[in-house]
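Student: Structure provided below as structure tokens; questions to follow.
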């Protein structure tokens, strides 16, 4: 099915957010379409990893919206500032925007998110009953447990001390220390290789040369979607993870699944890492993820 992609803007807390709206080109006469909001991960942007997802969704007759969270990509906001509850508000405003499109059925809205975007769609679905169906890929259930899992114990103790010092800094100066992303979420070996693959694939305005504020880590540690996931039921939610994921441990998806109500599904994709759910890293892994996601949307959306 052919499609059209339109660059769009909408607002969240007064900030202009940038997105792409995908509509099947031959949808006339098909009635109003179900719509799906697609959400990127912790340090990413829609143009880097995410776009093959809405491109595939629109092939199957869905309207889809992919957007840059505030502070990322082409959206306004403090560069690289990742505060989860602000991102949840962005997603909820993206839902509102998608509902206003004349081709979209406003009561048939789904969510798709990868990595930290997976955590965000879980939380959003828990508090926003407009979400009728959710797919969370490589999602984080507990931000503190996740960041701790990436460090040896002595590194964790040192990191907590650094966060305490940054909290004082913010109170006294109004500014958070900026660091490289790897100082907040140290990459696993596959992640280091992926970093090499993505070099030079984003525009200069989208590279966060000033680093990421340490307040991101504090906000992440306070973020625990697993404590909210029970509220998604009776709306359906599917959790997908890679068997070989050493960046977001599979236990995160399993914890979310355990705490969720029915209908729910837990899917392990054999042999793939955290990054191989993305098409650029593994077309085969991406196809397996999309097969599961499309079956879930077909059944419930």
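The values are calculated or read from the model by the stated rules, or taken from the named source; none is laboratory data. Computed from a predicted structure; not experimentally measured. So basically every Cβ, Gly included, is an ideal-geometry build from the backbone, and we count neighbours across all protein chains shown.
Student: In the stretch 110-145, what residues are assigned to a helix (DSSP H, G or I) and within 15 Å of residue 64 (Cα to Cα)?
Tutor: Across the stretch 110-145, the qualifying residue is only 121.
Student: Output the number of the condition that residue 65 fails; it satisfies all remaining conditions of (1) in a loop (DSSP other than H, G, I, E, B); (2) touching a strand residue (DSSP E or B) at 6+ places or on another chain (Cβ under 9 Å); (3) under 28 Å from residue 222 (Cβ atoms).
Tutor: Tallying (1) in a loop (DSSP other than H, G, I, E, B); (2) touching a strand residue (DSSP E or B) at 6+ places or on another chain (Cβ under 9 Å); (3) under 28 Å from residue 222 (Cβ atoms), residue 65 fails exactly one: (1).
Student: Restricting attention to the stretch 245-270, which residues are farther than 18 Å from residue 117 by Cβ, in a loop (DSSP other than H, G, I, E, B) and either touching a residue at least 60 places away in the same chain (Cβ under 8 Å) or out of contact with any helix residue (DSSP H, G or I) (no Cβ under 8 Å at 6 or more places or on another chain) (or both)?
Tutor: 262, 270 - these are the residues of the stretch 245-270 that are farther than 18 Å from residue 117 by Cβ, in a loop (DSSP other than H, G, I, E, B) and either touching a residue at least 60 places away in the same chain (Cβ under 8 Å) or out of contact with any helix residue (DSSP H, G or I) (no Cβ under 8 Å at 6 or more places or on another chain) (or both).
Student: Give 92, 108, 56, 79 a once-over and let me know the one that is touching a residue at least 60 places away in the same chain (Cβ under 8 Å), surrounded by fewer than 24 Cβ atoms within 10 Å (Cβ to Cβ) and within 19 Å of residue 12 (Cβ to Cβ).
Tutor: 79
Student: Does residue 73 satisfy the criteria of being surrounded by 21 or more Cβ atoms within 10 Å (Cβ to Cβ), within 23 Å of residue 191 (Cα to Cα) and touching a strand residue (DSSP E or B) at 6+ places or on another chain (Cβ under 6 Å)?
Tutor: No: the conditions fail for residue 73.
Student: To continue, here is another question. Of the residues 148, 201, which is in contact with a helix residue (DSSP H, G or I) (Cβ under 7 Å, 6 or more places away or on another chain), at pLDDT below 95 and at negative phi?
Tutor: 201
Student: Conditions: (1) in contact with a helix residue (DSSP H, G or I) (Cβ under 8 Å, 6 or more places away or on another chain); (2) in a helix (DSSP H, G or I); (3) closer than 27 Å to residue 245 by Cα; (4) at pLDDT 95 or above. Residue 191 meets all but one. Number of the miss?
Tutor: For residue 191, the exception is condition (4).
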